[in-house]
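First comes the structure, then the notes that go with it.
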Amino acid sequence: MKKNRVQYIDIARGIAIICIIIGHLDNYQIVRVVYTFHVPIFFFITGYFTSANLPIKKFIKNKVHTLMLPYMYASLALIIMNTLKSFVFIGSNAAKDTFLEWVYAAIYGAGVTIYQPFYIRAIGALWFLWATFWGSIFLRFLLSVRGERIRIALVLVLFFAGYWSRNLFWFPFCIQAGFCATLFLYLGYLVRISREYFQKVPMEVKAFGTILALFFWINFINNYQSFALVCCEIGRGMIDIFSCICACYIIILVSQYIENHISVFSKFFSFCGKNSLLVLCIHNTEHNVLPWWEVSQKLVNHGMPESFRLYFFIVAKIILIMVLTVIFAKLQSIKMPNKH
C-alpha cells in the first residue's frame, strides 16, 4: 500500500531545503538565521520516523539504497561535468587534474575542504547523505540497546567523540558528522515515542512553550557564532543545541500554519519537501559546476545594480533547481510508478 505522507512535515523539509540553497550563498545575514535549523531539522525528522522494528540488516540495506545510491549518482555528475568544463575552457591537462580532484573528493566524502595533512576538496552538500547514513545506523543500533540510561550515555559519547575529534583529524565519509547527527536523530525519535504525552499538554502550556521557544531562537540568531554540523561546529555549546531544538519546533508550527492557511506556499514547499533529496543533489551540482559569479558580474557590467547580485543568485538558483527537479521527478515517476 502507498504510505500516507504528513504534509506539514514535507513543508518543513521544503522550507529547510530552500534555506540550505540560500544558506550556501554565504551571506551572513542569511547564514545566522538558516544555519540555526536547516540541517538539524532533517536529522530530527529522520529520527522521528526511525523504527526499531525493522531488522538491522534490512535497515542498513534500505539506507544504502536511499542515501548511498543518490550520493554515487550525484558524485558521478560532479566528476563528469567539472571534468568537461575544465576540458572545454582550460585544456586536457587541466581536465585530468580536475577529474582526479573530484574523484578523490567523492571517495573521501568530506563536507569541507581538507588542507592538512593532505589536500582533499569538499564534495559539497552531499556530505549530508553520509552523515544521515551513519547517524541513522548508529541510532538503529542504539535502539536495540536495553536500558534508557545506557542509550542516552552512548548518544552523548558519540556526540562528544565527533565534537572533540573534529580538530584532530577529519575522517572520511563524514563519520564524525554522523556521530553528532545521532544526537539530533535521537531527539527526533524521543519526540515520536512521547507524542501521546505532548498531545495531552494543556493549550496554555503549549502557548507559553511556543513563546519561550521563539525567544530562544531569536536569541540564537542575535548571538549567532557558528553552528555547522558539516564540521561538528556547535558555537556556544549546549545553549545553541537547545535553541536549535526550539528553532525546529517553531518551523514545524509554521509548516502546520502554512498547510492550513496558505495553499500556494503549501504546494510549493510540500513539493520541495517530497523531493528534498533530489533538490539537494541538483543544488550541489549547480553550485559546484555553474559559474554563477561570472554570470552575475556580466549582468553588473551591463547595468544591474551591485546590490541586486544576491537577489539574482537566489531567484536564478531556485528557478533552475525547481525546473530540473520537476523534470527529474517526472522521469523518476515514469521509471518507478507508484504501487497501489
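Some observations on this one:
- R0 of 45 Å, Cβ-Cβ distance I80-I262: FRET efficiency to nearest 0.05: 0.70
- Share of pairwise Cα-Cα distances greater than 21 Å in the range 104-243 is 53 percent (whole percent).
- Per residue value of the accessible surface for the range 140-238 (all protein chains in place, 1.4 Å probe), Å²: 59
- Extension gain for M203 to F242 (0.36 nm times residue separation, less C-alpha to C-alpha distance): 11.8 nm.
- The value obtained for the range 68-151, namely the Cα convex hull volume divided by the number of residues, is 104 Å³ per residue.
- An oblate overall shape is assigned to the range 30-82, the ratio a/c of its alpha-carbon gyration tensor axes (a ≥ b ≥ c) being 1.5 or greater and a/b not exceeding b/c.
- Computed over the chain: relative contact order in percent, which uses C-alpha pairs under 8 Å that are six or more apart: 29
- About the Cα centre, charge dipole magnitude for the chain (Lys/Arg +1, Asp/Glu -1 at Cβ), debye: 1240
- The amide H of E233, built 1.01 Å from its N in the peptide plane, has A228 as neighbours under 5 Å, considering only residues 5 or more places off or on other chains.
- For the chain, the residue among I90, V157, L212 whose Cα projects farthest onto the positive side of the dipole built from Cβ charges is V157.
- Per-peptide packing, taken as the mean over residues of other Cβ atoms within 10 Å, places 89-98, 177-186, 162-171 in the sequence 177-186, 162-171, 89-98 from highest down.
- 222 nm mean residue ellipticity, helices alone, for the chain (DSSP H n ≥ 4; -39,500 (n - 2.57); rounded to 500): -23500 deg cm²/dmol
- Separation between Cα centres of the range 172-186 and the range 303-335, rounded to whole Å: 30
- Between the listed residues V326, I250, F312, the Cα displaced farthest toward the positive end of the dipole of the chain, a dipole computed from Cβ unit charges relative to the Cα centre, is found at V326.
- Dipole of the range 1-156, positive direction: furthest Cα of I114, L100, L126, with charges on the beta-carbon: L126
- Cross-link pairs beyond the 32 Å C-alpha cut-off, checked among K57/K206; K96/K267; K61/K330; K200/K274; K57/K85: K57/K206; K96/K267; K57/K85
- For the chain, the spread of Cα positions along each principal axis, largest first, Å: 64, 49, 42
- Residues in the range 13-48 that a label on N222 would reach, taking backbone N under 15 Å of a point 7 Å out along Cα→Cβ: 33
The values are calculated or read from the model by the stated rules, or taken from the named source; none is laboratory data. Everything quoted here is computed from the prediction, not taken from an experiment. A quick note on method: Cβ atoms are made from the backbone with ideal geometry, for glycine too, and the neighbour counts reach across all protein chains shown. For accessibility, only protein heavy atoms count, side chains too; no ligands or nucleic acids. Shrake-Rupley method; radii C 1.70, N 1.55, O 1.52, S 1.80 Å.
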